[in-house]
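Comments concern the structure below.
Every number in this text was worked out from the coordinates using simple rules, so none of it is lab data. Being a predicted model, the structure only gives us computed values, none of them experimental. Reconstructed Cβ throughout: ideal geometry from the backbone, glycine too, with neighbour counts over all protein chains shown.
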Amino acid sequence: MSRLRLVTINFWGTEPDLDRRLALAVEQLEALAPDVIGMQEVRPLDGRAGRTTADHLAAALGMHSVYEMSIEWEDGAFFKGHPGGQEGLAILSKHPIGEHRVTRLPEERPTEKRILLSARVDCDGGPVWCHTTHLHYRLTDGIAREHQVSAIDDALHGIDTDAPQLLCGDFNANPDTDEIRFLLGRHTLAGRRTHYQDAYGRVHPGEGGHTWCAQNEHTRPLRSLDIDRRIDYVFVTTRHKDGRGTVLDADVCLTERDPQGDCASDHYGVYADVQITPE
């Protein structure tokens, strides 16, 4: 039986102190020893182009990587004095990445353009499609996120594979919202249903698992978004009768602080161990 360990982390762009945050992330990720990492809020180290935070982590961890820009903005697009730049998603893998795809998600806005980044990871147990995404963030964006998770479900069902698929990212929604309940097969959207396993929820039913957390000082500037929520997930397609797709373990991660008391990001991460070959 082969297993795959996936970690998801919203890396918080290039917010300071970036060097310390990168070093702390490398240290914790080395200890976690993931097969695959899904990253959100990936930005070039200089803000506009070139080497990204994902490139830095991939080099430090000896992993393959693929990055896709989701949005690029000009100076002042967010507010006066805010510099221009770009942001996107990345998938890092210790196994070769054989193919990758990008799906643009609905509800684009001038300063919010969301995508799904998908990569075929060629593991020892066979190819496994891994996906990462980052949905609209406002508390009033539930309907936009419903449209986005529907598009994500379409994209995953459009892949010709019998192997388990892993979907991770910052969904900006609590487990009890309609958009997350749709993914779990507990709610109908546009007359349809689907089903994915919530890896953390499988292992810790009914427990908090907050990834946007008041204990993390980096969340203070955005405390208006409500703190102490579980909004970062690893989802797995339905478990097979032969055991493939079984969630073996999952938990919140990347919670440690450096000597200055800072975490690697304003989000905590989530890891999941998933069985990818028959028992």
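Points to keep in mind about this one:
- Projecting the Cα atoms of SER70, GLY13, ALA31 onto the charge dipole of the range 3-275 (Cβ charges, centred on the Cα centre) puts SER70 farthest toward the positive pole.
- Packing order of peptides 130-138, 70-78, highest average first: 130-138, 70-78 (average count of other Cβ atoms within 10 Å over each peptide's residues).
- Farthest positive-ward along the range 181-248 dipole, Cα basis, beta-carbon charges - from THR246, HIS204, THR194: THR194
- Here each label is just a point 7 Å from Cα along the line to Cβ, and for LEU184 and GLU72 those points are 4.0 nm apart.
- Taking other C-beta atoms within 10 Å as the exposure proxy, GLU27, GLU87 rank GLU27, GLU87 from fewest upward.
- With each label modelled as a point 7 angstrom along the Cα→C-beta vector, the GLN260-LEU222 pair spans 2.0 nm.
- Within straight-line reach of LYS80, meaning a Cα separation under 29 Å, sit the following lysines at least 8 residues removed in sequence or on another chain: LYS113.
- Anisotropy class of the range 13-168 from Cα gyration tensor, a/c 1.5 cut: oblate
- Assigned charges on the beta-carbon of Lys, Arg, Asp, Glu; the range 132-198 dipole about Cα centre (debye): 180 debye
- Under a model in which nothing but the beta-carbon of Lys, Arg (+1) and Asp, Glu (-1) is charged, the chain shows a dipole of about 500 debye around its Cα centre.
- Cα gyration tensor, the chain - rounded (a/c under 1.5), prolate or oblate: rounded
- If you sort the three axes of the alpha carbon gyration tensor as a ≥ b ≥ c, you get a/c of 1.5 or more for the range 166-279 and a/b no higher than b/c, which makes it oblate.
- Estimated inter-spin distance, GLU207 and GLN86, nm [label 7 Å along Cα→Cβ]: 4.0 nm
- Reach of LYS94 by Cα under 20 Å, taken over aspartates and glutamates that are not fewer than 8 positions away in the same chain: GLU27, GLU30, ASP35, ASP55, GLU68, ASP122, ASP124, ASP249, ASP273
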